[in-house]
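First the structure, in the form of structure tokens, and then the observations on it.
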Amino acid sequence: MNEIRDLIVGIDFGREYSQICYYDRKGGEPRSLSLKAGGNEYEAPTCLCRRPEQKDYCVGLEAQYFAGKRRNHDQ
């Protein structure tokens, strides 16, 4: 199988913040993916939060919000 893909995606996990980047062979240069369409915020907090009441997980800004809310509730 000798197939050439046109899009390469990378996730950069940092201690505090992470980002998603991609390289389109047709476009010719790497780009960072914005968190909001048309925005210029490229980094999201590297945070994962479990919400036991909803039995789910959330990541990034949402996880940071719920983790802070839970911390304040437990105090």
Does the stretch 13-41 hold any residues that are under 9 Å from the mean Cα position of the chain (by Cα), surrounded by 12 or more Cβ atoms within 10 Å (Cβ to Cβ) and modelled with pLDDT of 90 or more, and which are they?
Y17, S18, Q19, I20
What is the residue count in the stretch 7-25 for residues that are part of a loop (DSSP other than H, G, I, E, B) and touching a Gly at 6+ places or on another chain (Cβ under 9 Å)?
0
Within the stretch 48-56, does at least one residue satisfy the condition of being surrounded by 11 or more Cβ atoms within 10 Å (Cβ to Cβ) and polar (S, T, N, Q)?
no
In the stretch 26-56, residues that are assigned to a loop (DSSP other than H, G, I, E, B), in contact (Cβ under 8 Å) with a residue 12 or more places away in the chain and more than 21 Å from I8 (Cα to Cα) total 2
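The values are calculated or read from the model by the stated rules, or taken from the named source; none is laboratory data. Keep in mind that what you see is a predicted model, and the values were worked out from it rather than measured. Here the Cβ is made from the backbone with ideal geometry for all residues, glycine too, and neighbour counts use every protein chain on show.
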